[in-house]
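Worksheet: the structure to be examined is printed underneath.
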Amino acid sequence: MTCPLCSQDGDVLWFDAFCRVILVTDADFPGYCRVILNAHVKEMSDLPPADRQRLMDVVFAVEAAVREVVLPDKINLASLGNMVPHVHWHVIPRWADDPKFPDSIWSPARREATVRGLPSDLRARLAALL
């Protein structure tokens with residue numbers, strides 16, 4: 001079976017030989033990003049401590065960029081890997097009136113989506129901060 005994260009290019013905002021940052025297309029959660037380790041590794045604890053720290057530095061940089069550009073009420077960080085056992089992190093902007101708040105984004109919607117007045121150059125601004 002082919003790993004979808006190993007083969008996924010997506011909308012790459014930033015990358016190096018170690019990992020990459022993808023902008024996820026999700027109208028309900030604009031600015032949602034995924035940080036994907038380039039090596040196919042199942043668990044964070046499989047990485048040497050320096051690589052764990054390096055990956056988290058990227059996750060925190062993405063969090064800071066998303067906070068600055070989309071001004072969410074909260075950021076959710078998630079590393080699940082239940083469906084795809086390949087180290088990756090979700091950086092998800094949340095708003096108190098988003099369709100699924102306060103539940104996870106994978107839960108059923110509680111309300112209709114709110115139209116957000118976000119910058120038209122969202123992608124470019126996120127990429128510039130990374």
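Flag: GLY81 does not match the condition of being modelled with pLDDT under 95, touching a strand residue (DSSP E or B) at 6+ places or on another chain (Cβ under 6 Å) and not acidic (Asp, Glu).
Residue-by-condition table, conditions (1) touching a residue at least 12 places away in the same chain (Cβ under 8 Å); (2) under 27 Å from PHE15 (Cβ atoms):
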{"site": "ASP57", "(1), (2)": "no, yes"}
{"site": "GLU68", "(1), (2)": "yes, yes"}
{"site": "PRO72", "(1), (2)": "yes, yes"}
{"site": "ILE75", "(1), (2)": "yes, yes"}
{"site": "LEU80", "(1), (2)": "no, yes"}
{"site": "VAL84", "(1), (2)": "yes, yes"}
{"site": "ARG111", "(1), (2)": "yes, no"}
{"site": "ASP121", "(1), (2)": "no, yes"}
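Looking at LYS42, LYS74, just one residue is loosely packed, with under 15 Cβ neighbours inside 10 Å and touching a Pro at 6+ places or on another chain (Cβ under 6 Å), and that residue is LYS42. Among the conditions (1) over 15 Å from the mean Cα position of the chain (by Cα); (2) in a loop (DSSP other than H, G, I, E, B); (3) surrounded by fewer than 16 Cβ atoms within 10 Å (Cβ to Cβ); (4) not β-branched (Val, Ile, Thr), LYS100 misses just one, which is (3).
The values are calculated or read from the model by the stated rules, or taken from the named source; none is laboratory data. Quick caveat: nothing in here was measured; it's all calculated off a predicted structure. Reconstructed Cβ throughout: ideal geometry from the backbone, glycine too, with neighbour counts over all protein chains shown.
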